[in-house]
Every structure is written in structure tokens, then in C-alpha cells.
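Every number in this text was worked out from the coordinates using simple rules, so none of it is lab data. Here the structure is a predicted model, which means the values were calculated and not measured. Counting neighbours? That spans all protein chains shown, and the Cβs are built from the backbone with ideal geometry, glycine included.
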Amino acid sequence: MEKRFAATLSRSQGRSAWAVIFRHPARIDPNTGKAGIRVRQGLGTSDDAEANELKDQLNQILGDEAFWSMAAKAEAEKRFHRRVVEIFFMEWSQSKVTLVLCARQSFPCQNPKTRNTGGRYCSEPQVLVKQHCSDN
């Protein structure tokens, strides 16, 4: 059974602004080594209707695997609110990137200096390709 990813709204005690909580489908949880690290990010609004709209947009991204790669960021920027795109793609803009790809997909090494043509491990920036396919 394929794991479904969904965002929920959260409001910390004593705060008026909304946040979203979700498991990120393409980021590895360092505690488990599996996809689905827990993310909690503020939406920058205390308006209930706006928070629900932003959560719904994030759920559209989470529900469509086509958006689960950095290559989809430009399309996401055209279709979704800026804050939603920032939340989903924020870790990919930093120097260390974790990608989860099916082992059957080809993935060239991101760093030409390493000459690692298998694409399994590269360094500077570090890219780790981790298998997540249940079938062989």
C-alpha cells in the first residue's frame, strides 16, 4: 500500500498564527532513514480561511508525485501560493539535498568532479539516492 501524505493545520497555544504539519515525501527522516520527515512551518497568517486555502494547496502538491522533485519547483511557483512553494521546497535550496528515487529511475551524479556515474553517492553538494520501491 502506497503511503499518502497530507498536511494539517496547527496553532500553538498562545499564538494566533497558523502552521502546517506534514510528512515530506521526498526528504529522509534521519532517525528512521526513510522518506517522510515531519515538517512544521508557519503559514504567516492568523486568518482561518486563508490558512485552510494554503493547507489545501500544500495537499495538492503532496498528492501529486510530479511535484516531488526540485525540477517541479518552477511549475509549482506558477500554480501555488508563494508561501506554500517555500515550505515544500525550502530544504532543496540549501547545500545538502536528499532525494528519494525509485531504483529503476536513472539518476546521474550531480557533481561532475566525483565521476560517480552510478549516481548513488556524490559529495559537495551531497546527494544521497535512497531506494523506496516496494517491488523489484
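Sorted from fewest to most neighbouring beta carbons within 10 Å, what does the list Leu58, Leu9 look like?
Least to most surrounded, the residues fall as Leu9, Leu58.
Mind sorting Asp29, Asp56 by how few other Cβ atoms lie within 10 Å of their own Cβ, fewest first?
Fewest-to-most ranking of Asp29, Asp56: Asp56, Asp29.
Please work out whether the stretch 1-83 counts as rounded, prolate or oblate from its C-alpha gyration tensor, where a ≥ b ≥ c are the square roots of the eigenvalues and a/c under 1.5 means rounded, while otherwise a/b larger than b/c means prolate and anything else oblate?
Since a/c reaches 1.5 but b/c is at least a/b, the shape of the stretch 1-83 is classed as oblate.
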